[in-house]
Amino acid sequence: MKKLLVTGGSGFLGWNLCGVAKESWDVFGTVFSHNIDIPGCKKVHVNITIYNDLIKIFNEIKPDAVIHTAAESQPNYCQTNPDESYKINVEASINLAGLCADMNIPLAFTSSDLVFDGLNPPYSEKDPVSPVNTYGEQKVKAEIEILKHCPKAAICRMPLMFGDPSPASNSYLQSILSNLHNEKYITLFTDEYRTPTSAYSAAKGLLWAVENFNGTIHLGGKERTSRYDFGIKVAACCGFDKSLIKPILQKDISMPAPRSPDVSLDSSNALKMGYSPLPLIEEFKRLRCVNE
Ligand SMILES: NC(=O)c1ccc[n+]([C@@H]2O[C@H](COP(=O)([O-])OP(=O)(O)OC[C@H]3O[C@@H](n4cnc5c(N)ncnc54)[C@H](OP(=O)(O)O)[C@@H]3O)[C@@H](O)[C@H]2O)c1
């Protein structure tokens, strides 16, 4: 089998990606502060911000392809720690792109729907970027520089994702489920819209993109939903009390990073080429959070 290097194998998306990819690739997943095993994959411990260490693992593994999910993925953290997060989100991404170009191997980069300001949805690949926070700005910078260094890279703009947690990192679904399960109230935004998909569907999209696509592509889910409506759907599907979910507005909560109101992605280009995220209800069934 060909060798796939997945950066961020200990993270939420990378963990799910390793699980799907191992069916058809010899997978090497990187870990950093969470030194966990990745079932069915080879674990590589590396700090991706140290260029010489990156070169070393490329020389040792000699990957046939790279999917780069390692990142500082929390917008609030990036807002308050711009220099530290820049090293991971931008500098390390550029270095990886250079190494992939040198080795002439394909690279898929996980960008974000947060490259947009959320004022003119849905967003296609042709729409100009307009980030409102540091995280979004770093993703834009990484996208531009990666394509300069490695023109054959696939820049995959990911939506909000949910799914099985890694032992080190949850998705937002886990906090919804655990609160509802424990009959605790939760608050969710009624005025923040996304096109969510599961990490499972996203992983399939990334595996398709790394082998078949160059340029920028949107890998959103098929349904536009507010965070509140998403929570209501989860409660309904899983048999929890919907009244535990209380609506709030973005302006009700103050956070370091400004939030975009509606970064729904138009993913019709990827859909035409065979990307097929499951409907939300099917995703919930697959995650076994549905009472049947
Ligand atoms: N989750 C979403 O809804 C979402 C939405 C849009 C885009 N994205 C993008 O998708 C990608 C994956 O997101 P995620 O939610 O899976 O993130 P995550 O759970 O926070 O995982 C981040 C990963 O990056 C690794 N990492 C961080 N700093 C590192 C360093 N210096 N050296 C090596 N590894 C390092 C972490 O390793 P350790 O934990 O071992 O330190 C972890 O494996 C990111 O690019 C993110 O921006 C995510």
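Values in this text are rule-based calculations from the coordinates and carry no lab data. Not measured: the values here are computed from a predicted model. Neighbour counts run over all protein chains shown; Cβ positions are idealised from the backbone, glycine included.
Quick check on the chain: helices-only [θ] at 222 nm, where DSSP H runs of length 4 and up contribute -39,500 (n - 2.57) each and the sum goes over total residues. Nearest 500, please.
Working: 11 runs with 108 residues, N = 292.
The helix contribution divided over the chain gives -11000 deg cm²/dmol.
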query = Can you list the GluC sites (Glu not before Pro) in segment 162-244 that are in a DSSP coil and have 12 or fewer other beta carbons within 10 angstrom?
reply = E183
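Can you check what the net charge comes to around Y86, using other residues whose Cβ is under 12 Å from the Cβ of Y86 (Lys, Arg +1; Asp, Glu -1)?
-3
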message = How tilted is helix 134-149 with respect to the longest principal axis of the chain? Cα atoms for both, answer in degrees (0 to 90, nearest 10).
response = 30 degrees
ask   = Using the Cβ atoms and a cut-off under 11 Å, what net charge is assigned to the surroundings of P131, where Lys and Arg are +1 and Asp and Glu are -1?
value = -2
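Local charge sum around L280 (other residues, Cβ-Cβ under 9 Å, Lys/Arg +1, Asp/Glu -1)? Don't jump to the answer; show the numbers that get you there.
On the way: positive: K222, K233; negative: E223, E282, E283.
Combined, the nearby Lys, Arg, Asp and Glu give -1.
Loop-only check: which trypsin sites (Lys or Arg not before Pro) in segment 81-183 are DSSP coil with at most 15 other Cβ within 10 angstrom? Intermediate values should be presented prior to the final figure.
On the way: sites: K87, K126, K139, K141, K148, K152, R157; in loops: K126, K152.
Those that pass, being in a loop and sparsely packed, are K126, K152.
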task = Quote to one decimal, in nm, the extra length available between S33 and S254 on full extension: 0.36 nm per residue of separation minus the C-alpha distance between them.
result = 76.7 nm
ask   = Relative to the longest principal axis of the chain, what angle (0 to 90°, nearest 10) does the C-alpha long axis of helix 172-181 take?
value = 30 degrees
note = For L4, the residues 5 or more places away or on another chain with a placed amide H closer than 5 Å to its own amide H are D26, V27, F28, D64
task = Can you tell me the 0 to 90 degree angle between the C-alpha axis of helix 92-103 and the longest principal axis of the chain, rounded to 10?
result = 40 degrees
ask   = How far, in nm, would the chain grow between L119 and L244 when pulled straight, counting 0.36 nm per residue and subtracting the alpha carbon separation?
value = 42.0 nm
note = Of the convex hull drawn through the C-alpha atoms of segment 150-271, the volume per residue in Å³ is 137 Å³
ask   = Which of the peptides 257-265, 76-84, 2-10 is most tightly packed, and how do the rest follow, going by the mean number of other Cβ atoms within 10 Å of each residue?
value = 2-10, 257-265, 76-84
task = Could you pull out every one of the lysines with an alpha carbon less than 17 Å from that of K148, ignoring same-chain neighbours closer than 8 positions?
result = K139
ask   = Going by the alpha-carbon gyration tensor, a ≥ b ≥ c the square roots of its eigenvalues, is segment 1-42 rounded (a/c under 1.5) or, if a/c is not under 1.5, prolate (a/b greater than b/c) versus oblate?
value = prolate
request  = Mind pulling the per residue volume of the convex hull built on the Cα atoms of segment 1-149? Å³ is fine.
outcome  = 116 Å³
query = Can you list the HN-Hα couplings for segment 254-264, worked out from phi with the Karplus curve (6.51, -1.76, 1.60; θ = phi - 60°), rounded to whole Hz and with x for Gly and Pro?
reply = 9, 9, x, 8, x, 10, 7, x, 8, 9, 4
message = Can you give the FRET efficiency to the nearest 0.05 for S268 and Y172, using r as the Cβ-Cβ distance and R₀ = 22 Å?
response = 0.30
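Please state the equivalent ellipsoid semi-axes for the chain: what are the square roots of 5 times the Cα gyration tensor eigenvalues, largest first, in whole Å?
Values: eigenvalues 180, 89, 67 Å².
Over the Cα atoms of the chain, the ellipsoid semi-axes are 30, 21, 18 Å.
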ask   = Could you give the nm distance between label points at Y77 and N214, where each point is 7 Å from its Cα heading toward the beta carbon?
value = 3.4 nm
Loop-located GluC sites (Glu not before Pro) in segment 112-154 whose Cβ has at most 10 other Cβ within 10 Å (DSSP) = none
remark   = Under 23 Å between C-alpha atoms, the lysine pairs in segment 163-256 lying 8 or more places apart or on different chains count 9
message = What FRET efficiency comes out for K42 versus D102 if R0 is 35 angstrom and r is the Cβ-Cβ distance? Round to the nearest 0.05.
response = 0.95
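Please work out the Cα convex hull volume for segment 243-284 and give it in Å³ per residue. Don't skip to the end; give the middle numbers.
Values: hull volume 5.8 nm³, N = 42.
That works out to 139 Å³ per residue.
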key: DSSP bridge orientation in the chain - percent antiparallel, rounded to nearest 5   = 5 percent
